[in-house]
Every structure is written in structure tokens, then in C-alpha cells.
Amino acid sequence: MIVTREIKVSTKGHTDIINITSQLKDVVAQSRLSSGMVCLFVPGTTATLTTMEYEPGLIKDVRQYWEKVAGSRDEYEHNARWGDGNGYAHVRSAYSGPSLVIPIIEGKPVLGTWQEVVFIDFDNRARSRTILVQMVGE
């Protein structure tokens, strides 16, 4: 069986890191699948999905990492062409990817003890985002 749902989030932009673990667990539970896979996908080119320990120190570390790798004040050809100032957000998203796949066992997404699912909005403005959640299993 294939079940498709959505998780909606409102973001502040600027590498806003949002914990969506509880929403994901609810969606998987509502699917009534006992075994399978869940794929999360963000349509767009300035955001990503990943897992991490969601705690203030690591949130700060992740933001600092991305600022070092693709700084928001650096020069980007994208900005020169479009004038929207979010070239860094596109680069960050391109390197981190738009999707995440997690196994479902005994009706729950399998996550490590401290592992949580996060949505990161790299864009330079607040956004309303939709994360597609597609589950395959039985």
C-alpha cells in the first residue's frame, strides 16, 4: 500500500531549523502501516530535510557550519542574475538534498535515541512550506 500525506510548517527563513519528528510520528501512526519505508520530500530549492540531535548547541553549530560553507554574505552568480539575495540558500540546499528516507518497523519510524527529523529552511525570508510524506508498506 502507498499512503501520501503532508506536513506543513511556517518558517522564519535564515537557516531556521524546525523539529518535525512528532508530526512525522503522527502521520506514520495514522497510516496504519506496520512495516515499510517513509520518504519525506520538500518541493523547492532552498530547504532540506535531515536528522540530528535537536538541542540548542547543535542547532547553533549547524547554522555556523552552513555560514562557513556557503556564507550568506558571499557573492553568488544567482544573486547577480535574479537579485533575490538567496544564492547561498540554493547552494546549501543543493549540497544537502530535498529528501529523507526512514524505515517503518512495528508502525513507527525507526530513529536512534537522540535522532530527530528536522526541516531546515535556508531561504532569506519567512515561508510557508509543505513537506510531502509518502509511505510504502503493509
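Since every read-out is calculated from the coordinates, none of them should be taken as a lab result. The structure displayed is predicted, hence computed values, not measured ones. Because the Cβ atoms are built from the backbone with ideal geometry, glycine has one as well, and the counts that use them run over all protein chains shown.
Quick notes
- Between C39 and R73, the modelled labels are 4.1 nm apart [label points 7 Å from Cα along Cα→Cβ].
- Computed on the chain, the Cα convex hull volume stands at 99 Å³ per residue.
- Helix 56-69 axis versus longest C-alpha principal axis of the chain: approximately 50°, rounded to the nearest ten.
- For the chain, built as a Gaussian network whose Cα springs stay under 10 Å, the top-fluctuating residue of D61, D16, D123: D61
- q = 0.12, 0.19 Å⁻¹, segment 54-125: log10 I(q)/I(0) [Debye, one scatterer per Cα]: -0.45, -0.87
- Taking the C-alpha atoms only, the angle from helix 21-31 to the longest principal axis of the chain is near 40 degrees.
- Bridging of K25 to lysines at a Cα separation below 17 Å is possible for K8, K108, once same-chain residues fewer than 8 apart are set aside.
- Those GluC sites (Glu not before Pro) in segment 1-89 that DSSP places in a loop and that have at most 14 other beta carbons within 10 Å: E53, E75
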